[in-house]
Each structure stands twice: as C-alpha cells, then as structure tokens.
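Accompanying notes for the structure given below.
The values are calculated or read from the model by the stated rules, or taken from the named source; none is laboratory data. Keep in mind it's a predicted model, so treat the numbers as computed, not measured. Note that each Cβ is placed from the backbone with ideal geometry, even for glycine, and that neighbours are counted across all protein chains shown. Note: accessible area is taken over every heavy atom of the protein model, side chains too, but ligands, DNA and RNA are not part of it. Shrake-Rupley method; radii C 1.70, N 1.55, O 1.52, S 1.80 Å.
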Amino acid sequence: MSKLGNLGARLHRGEVGYDFVKNRKIWYGLSILITITAIVGLTVRGLNMGIEFQGGAVFNTPKNTAASVSQAEEYAEEASGHDAIVQKLGDGSLRIQVAGIDTGAANEIKNTLADDLKIDSEQINAELVGPSWGEQIANKAWQGLGIFLVLVVIYLAIAFEWRMALAAFVALIHDITITVGIYALVGFEVTPGTVIGLLTILGYSLYDTVVVFDSLKEQTRDLTKQTRWTYSDVANRSINSTLVRSINTTVVALLPVAGLLFIGGGVLGAGMLNDISLSLFVGLAAGAYSSIFIATPLVADLKEREPAMKALKKRVLAKRAQSAAKGETQDQDGHESYGDEPEDVAPAVVGPRNQPASRNRGRGRPSGKRR
C-alpha cells in the first residue's frame, strides 16, 4: 500500500489525526481575511463584465489578416472610443470585441476598422449584442443561483438538520465570494461561461461537505449515552476519516482544470478558456477548504450550544479529569480509556472502529486430540 493510502487507512480508523475543530478560530480568521480581501477587490476594481452582459459588437476579420493583435486593438479603440479585446484565431483571422457601445454605431466602427486594416468592409462580419439581452442573462443567473441555494438549504435541513444546512450555506457563500473576488482582482472577463463555472463549483463544494456531514451524522447516534467523546471530538474524527478522500477527489478535479487555465489559456493563448477555467480552479480549491475548515467546525460550534451537548461535554471533561488524577492511560485519539463504559454503548460508532479478531487466537492451545 502507498504511503498516502496507508495514511488514509490510519486516519479512517482513528489511529492518527489532526485536531481541525480545536483550531477552528484560526481557520475562521483566515477565511474572514480572504473574504474581506475579495470584497475589497470587488468594491474597488469591480468585475470586468463581458459583452454578453454590457452589450456591444464583435467583429470577425477574414482569414490571414495582416495586422497584428496589438495593431488591431489600437485601431478598434480609436474607432470606438472604448476598450477592445482582440484575439487571433487559428486560421489567422481576428476576433475584435468592443463592449459598451451603441449598436447603431457598429456600422461606422466597422467601416473605420476596414480602412485601418486595409480590407473590404464587406469581409468583416459584425455580431451585435444589445444590453437588454445581457441584462436578461444576468437576471437569470441570479435567479438560478438563488433557487439553487434555497433548495440546498431545504434538502440539508430535511436530510440532516438545520445546523448543517446553515453551515453548508455559509460555506457556499464563502466559496462564491472568494471566486468572484478573485475575478475582480485578476481582471478576467465575466461571461456566461463564468456563470456556468460558478454553478458547477457549488456542486463540488456541496459534495465534499455532505460526505463529511454523512459521516458525522452516522457517528453521533446515541452520542449522549456515553461519556467518552464530545460532539467536537466526533466532528474532528469525521473530518479526518474523509480527509484523504476529499484531497484525492479535489486534486483529480483540479488537474484538467489547471490544464485549461495555465496551458490552454496561458501558454497557448486561448483566452476564451479563462472565463470558465478560472472560476472552476478557484472554486474547487475554495470548496475543498470550506468543507474541511469551515462547514464542519461551524456545525460543532452550533451543536455544542445545545443544553444536551453542553451537559455531555461537562460529563466528558469531568470523566477525563478524574481519570487523569488516577493516572489512567489514554487511547489512540488522545482521550482516556475507561474500563467501566456501559455495555449498551457502541464505541465503534463514536470512537475507533472495532478491530477484527486476530487470526492467531486459539493457536497453541491443546485440542485434546493426539496427532
């Protein structure tokens, strides 16, 4: 077995682990700092909305146009009075995008570009996008996002409980804010592909969170009937038992997205890949982070405010103090091992899993038969 696989097995059995819940204030502070940075970037720089949202025109020149990208960009900005985005396509043609212009001025801009590029104006194909259409797209995107969040909260409240639904909602808002803030800071263009990417990352983020919540729900059944573990202890165990799985799924998902972003968009210059690949890359990383460091510790915080969990924590701490005073040993999770636990409690649910019986048990004992 590989080292990572062996570590994952040991984490799953509870033999090793990191106390994520205990250090939750560090993760909260880090997330707040990143979120504030994203909000400041969004407020100061704003989003670079694409032509689909602002309206404007796209001019496509014929094959093997002699002008360079920088020259075409300069010509387009002089002709329109607005910033222009120019891309050179594989057949040598140019795609000139000018946002925020009046569609009525498109013909004049087209003729000016034809003169500057020294080509026939009839050879330039113009595609016009009205601002009203872009506004409809934006409204539909916000409606889809809102419906998605409402359905997620309702489902989690029914399948688990309202505290987990609230924690998942906070994690999703955290992921969206960071992703949108990165777009503002980097200055990448926001297109319908960006919206698709945002909705996609919400599904990935929710998947990781639900995996941990399902493990937590399973391990906290009849938790108050024992005095060995608090809710935070079990929450921490749930994170550790699914940690390697979350890392593996995230890395596997990030590799192709990184190829699109850094190789396709950066090295090969396919700028149209940036709009969706950046949102996927940032969102997947933020989603994996929030499911481990935000959602589950937040559930533990909310849950331990319940009177029953407060009483359980008080009993557990008193039991540990009593055992420490008697000099009793501690188990693999760092908690005291008790020999007087009630038999009706299933320690395999909230503590280390029961180990299978040894195959050597009974060997060496006389069988009563002569060979």
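Structure notes:
- The residue that is least open to solvent (accessible area, probe 1.4 Å), counting only those in the stretch 133-147 that are polar (S, T, N, Q) and either more than 22 Å from the chain's Cα centre (by Cα) or under 18 Å from ALA57 (Cα atoms) (or both), is ASN139.
- VAL244 being at pLDDT 85 or above and within 30 Å of ILE276 (Cα to Cα): no
- Conditions (1) more than 16 Å from GLU189 (Cβ to Cβ); (2) modelled with pLDDT under 85; (3) hydroxyl-bearing (Ser, Thr, Tyr); (4) open to solvent by less than 20 Å² (accessible area, probe 1.4 Å): number failed by THR249: (4)
- Any chance LEU166 is at negative phi, touching a strand residue (DSSP E or B) at 6+ places or on another chain (Cβ under 7 Å) and not in a strand (DSSP E or B): no
- Consider the stretch 193-227 and keep the residues that are open to solvent by 40 Å² or more (accessible area, probe 1.4 Å) and either basic (Lys, Arg) or touching an Asp or Glu at 6+ places or on another chain (Cβ under 6 Å) (or both). The one that is nearest to PRO307 (Cα to Cα) is LYS225.
- In the set (1) open to solvent by 60 Å² or more (accessible area, probe 1.4 Å); (2) more than 27 Å from LYS25 (Cα to Cα); (3) at pLDDT 85 or above, LYS310 fails one condition alone, (2).
- Residue pairs whose Cβ atoms lie under 6 Å apart, sitting 6 or more positions apart in sequence or on different chains, and linking a residue in the stretch 51-68 that is on the phi > 0 side of the Ramachandran plot and among the small types (Gly, Ala, Ser) to a partner that is part of a loop (DSSP other than H, G, I, E, B) and open to solvent by 30 Å² or more (accessible area, probe 1.4 Å), are GLY56/GLY100.
- The one condition in (1) in a helix (DSSP H, G or I); (2) out of contact with any Phe, Trp or Tyr (no Cβ under 6 Å at 6 or more places or on another chain); (3) at pLDDT 85 or above that ILE239 fails to fulfil: (2)
- Residue in the stretch 181-202 that is of a type outside the set (Gly, Ala, Ser), in contact with a Lys or Arg (Cβ under 9 Å, 6 or more places away or on another chain) and closer than 21 Å to ASN240 by Cα present: no
- Matching residues, the stretch 267-299, being open to solvent by 30 Å² or more (accessible area, probe 1.4 Å) and either modelled with pLDDT of 85 or more or assigned to a loop (DSSP other than H, G, I, E, B) (or both): LEU268, GLY269, ALA270, PHE281, ALA285, TYR289, PHE293, LEU298
- Sole exception among (1) open to solvent by 50 Å² or more (accessible area, probe 1.4 Å); (2) hydroxyl-bearing (Ser, Thr, Tyr); (3) at pLDDT 90 or above for THR329, by number: (3)
- In the set (1) crowded, with 16+ Cβ neighbours inside 10 Å; (2) of a type in the set (A, V, I, L, M, F, W, C); (3) within 18 Å of HIS174 (Cα to Cα), the condition left unmet by LEU261 is number (3).
- Condition met for ARG315 (in a helix (DSSP H, G or I) and more than 26 Å from TRP27 (Cβ to Cβ)): yes
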